[in-house]
Structures are given as structure tokens and as C-alpha cells.
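Structure incoming, see below.
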Amino acid sequence: MELVYFPSRCRGDLPRALLFEAGLQFKETRIPRDPSWPARKSEFVFGQLPVMRLDGGRRELAHSHAIARYLAKLTNPSLLGDTIDEAANVDMWYYQTDDVFMFVIIPFYETSASVEQLFNDKWTSWMAPFEKALSCSEYLANGKLSLADYHLFDIAEVMLHFKPQLLEQTPRVRAHRDRMAARPGVAKLLEYVKGLPFTNSGNF
Ligand SMILES: N[C@@H](CCC(=O)N[C@@H](CS)C(=O)NCC(=O)O)C(=O)O
């Protein structure tokens with residue numbers, strides 16, 4: 001398996017985490033995010049990354065969530081829920097994490113006082129449903145580990161680096177991040193991405 005992404009964390013970490021958690025061997029190709037990138041976009045089905053190359057490059061799977069779901073099905077299908085109802089609950093939490101992730105990555109593209117203000121104003125309300133869910137379970141959905149937990153971890157990681165003081169205001173999300181970070185595969189991920197920026201825009 002070959003994961004193709006930029007030399008950054010952002011949407012690369014979810015597939016990376018699942019690969020490490022499953023102990024799968026993979027190759028990672030990092031495409032420089034520099035003036036040569038626009039000419040390379042057409043190499044990829046949607047002109048964006050991450051992409052996973054399968055079957056020695058004969059198949060290409062784009063979209064971090066399609067890749068994540070594929071890896072979950074392949075290595076630990078329970079991450080997607082064990083019944084239809086569980087799966088619906090996992091999807092619900094997973095899609096919510098992605099809605100919030102889209103906000104949380106705004107500073108990758110913009111730096112302004114208004115972004116800081118947005119985070120100060122909104123972080124606790126974005127996190128409120130997660131804090132509530134984590135008050136009765138260690139996990140977001142069905143009382144067990146799911147894909148949604150990995151994507152909440154991605155959100156918390158961004159905040160830990162961007163505005164750690166805000167993460168401290170949501171102690172259950174903070175504790176959930178620490179529990180996830182202690183998982184052997186996630187610990188390997190953190191070692192693997194050490195020093196990688198979250199983005200290549202230069203913002204952070
Ligand atoms: N929904 C897609 C979003 C992919 C995406 O936005 N990729 C960004 C990097 S995180 C990208 O390729 N940007 C370069 C470009 O659009 O030219 C996913 O989850 O994979």
C-alpha cells in the first residue's frame with residue numbers, strides 16, 4: 001500500500017493512524033507543496049490528496065474518509081459499528097467530527113485576529129456534544145472504539161498545537177486525546193509525524 005500526501009499532517013493523519021494501528025506495512029510518498037504541485041494535480045483522480053494506491057498502483061482511492069473506511073473494513077470492521085444501528089451511530093459522530101475538523105483547519109489557510117476570535121468564541125460549543133458523550137463513555141459511539149474517535153483525536157491534536165489553552169477548557173476531549181495517544185498504533189503515528197507541520201501553507 002502506498003499513501004500519497006503532502007509533507008504535512010492534516011488529512012494524512014487519519015489514514016496513517018489506521019495503518020499504524022493495524023500494523024500494516026505501507027510506503028508513504030510525500031509530494032512537495034510548492035509551485036510544482038498544480039502541474040501534478042492531474043495525476044490524481046480529484047486533483048487532491050490524500051490518495052491511497054492499491055494493487056501496486058493499479059487502483060487509486062482518494063478522499064481521506066474513503067481511505068479510512070476502507071482501512072477500517074479491511075483491518076478492524078468493528079470501527080464502523082457491528083450492527084446497522086451501531087454503524088448509523090458511528091456515522092453520525094464521524095460526520096460531526098468532520099464538520100468540526102473543517103472549522104478547526106481554517107488557520108491552516110488564514111491567519112487573522114478573526115480566526116483567533118472564532119476559536120475563542122466557538123471551541124467550547126463545538127466540543128459540547130463531544131464532552132457530553134464522553135461524560136458517560138470513554139468513546140464517542142456505542143461505548144466502543146470507532147472511526148469517530150480517531151477523527152476527534154485529529155481535532156484535538158490540531159488544538160493541542162494551535163491553541164492548547166482552549167483544549168484545556170474541554171477536559172473530556174483532552175483526556176480522550178490522551179487515551180488515544182496512548183494506543184500503541186497512535187503512539188507510533190505521533191512518533192512518525194514528529195516535526196511535520198500541520199500544513200504546508202506556512203501558517204502552522
Ligand atoms: N475531502 C477530501 C479533501 C482533500 C483535500 O482538501 N486535500 C487538500 C490537502 S488537505 C489538497 O489536496 N489540497 C491541494 C489542492 O487542492 O490543490 C479528503 O478528505 O481527502
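The numbers here are math on the coordinates, done by the rules we state, and not lab data. All figures in this text were calculated on a predicted structure; none of them were measured in a lab. Cβ placement follows ideal geometry from the backbone for every residue including glycine, while neighbour counts extend to all protein chains displayed.
Between Ala39 and Tyr192, what FRET efficiency follows from the Cβ-Cβ distance if R0 is 30 Å, with the result rounded to 0.05?
That gives a FRET efficiency of 0.60.
Per-residue ellipticity at 222 nm for the chain, helices alone: DSSP H runs ≥ 4 residues times -39500 (n - 2.57), over residue total, nearest 500 deg cm²/dmol?
-17500 deg cm²/dmol
Counting other beta carbons within 10 Å of each Cβ, put Ser42, Ser146, Ser137 in order, fewest first.
Ser42, Ser137, Ser146
So, one more: Show me the trypsin sites (Lys or Arg not before Pro) within the stretch 162-204 that DSSP assigns to loop and that have at most 14 other Cβ atoms within 10 Å of their Cβ.
Those satisfying the criteria are Lys194.
Would you mind ranking Cys136, Cys10 so that the residue whose beta carbon has the fewest other beta carbons within 10 Å leads the list?
In order of increasing Cβ crowding within 10 Å: Cys136, Cys10.
State which helices in the chain qualify, where a helix is a whole DSSP H run, it must extend 27 Å or more along its own axis by its Cα atoms, and its mean Kyte-Doolittle hydropathy must be at least -1.0.
The answer, listed by residue number, is 84-104, 113-136.
Could you list which residues have their amide H under 5 Å from that of Leu140, counting only those 5 or more apart in sequence or on another chain, with H placed in the peptide plane?
Correct list: Ser146, Asp149.
How do Arg30, Arg53 line up, fewest other C-beta atoms within 10 Å first?
The fewest-first ordering by Cβ neighbours comes to Arg30, Arg53.
Shifting gears a bit: Can you bin the chain into rounded, prolate or oblate? Criterion: square roots of the alpha carbon gyration tensor eigenvalues sorted a ≥ b ≥ c, rounded for a/c under 1.5, prolate for a/b above b/c, oblate for the rest.
In terms of gyration-tensor shape, oblate.
I'd like the FRET efficiency for Asp82 and Arg179, computed as 1/(1 + (r/R0)^6) with the beta carbon distance as r and R0 of 22 Å, rounded to 0.05.
Between Asp82 and Arg179 the formula returns 0.55.
Towards the positive end of the charge dipole of the chain, with charges on Cβ (+1 Lys, Arg; -1 Asp, Glu), say which of Phe101, Thr75, Val4 has the farthest Cα.
Checking the options against the dipole of the chain, the answer is Val4.
Something else about it: Please state the charge dipole magnitude for the chain, taken about the Cα centre, from unit charges on C-beta atoms (+1 on K and R, -1 on D and E), reported in debye and rounded to the nearest 20.
Here the size comes out at about 500 debye.
For Asp55, what charge total do you get from the other residues with a beta carbon under 15 Å from its beta carbon, if Lys and Arg give +1 and Asp and Glu give -1?
+2
Based on alpha-carbon positions alone, could you give the equivalent ellipsoid semi-axes of the stretch 80-183 from the gyration tensor, as √(5λ), descending, whole Å?
They are 25, 14, 11 Å, listed from largest to smallest.
Placing +1 at every Lys and Arg Cβ and -1 at every Asp and Glu Cβ, with all other atoms neutral, what dipole size does the stretch 80-183 have around its Cα centre, in debye to the nearest 20?
With only Lys, Arg, Asp and Glu charged at Cβ, the dipole is about 340 debye.
Keeping to pairs on different chains or 8 or more places apart, tell me how many lysine pairs in the chain have Cα atoms under 25 Å apart.
13
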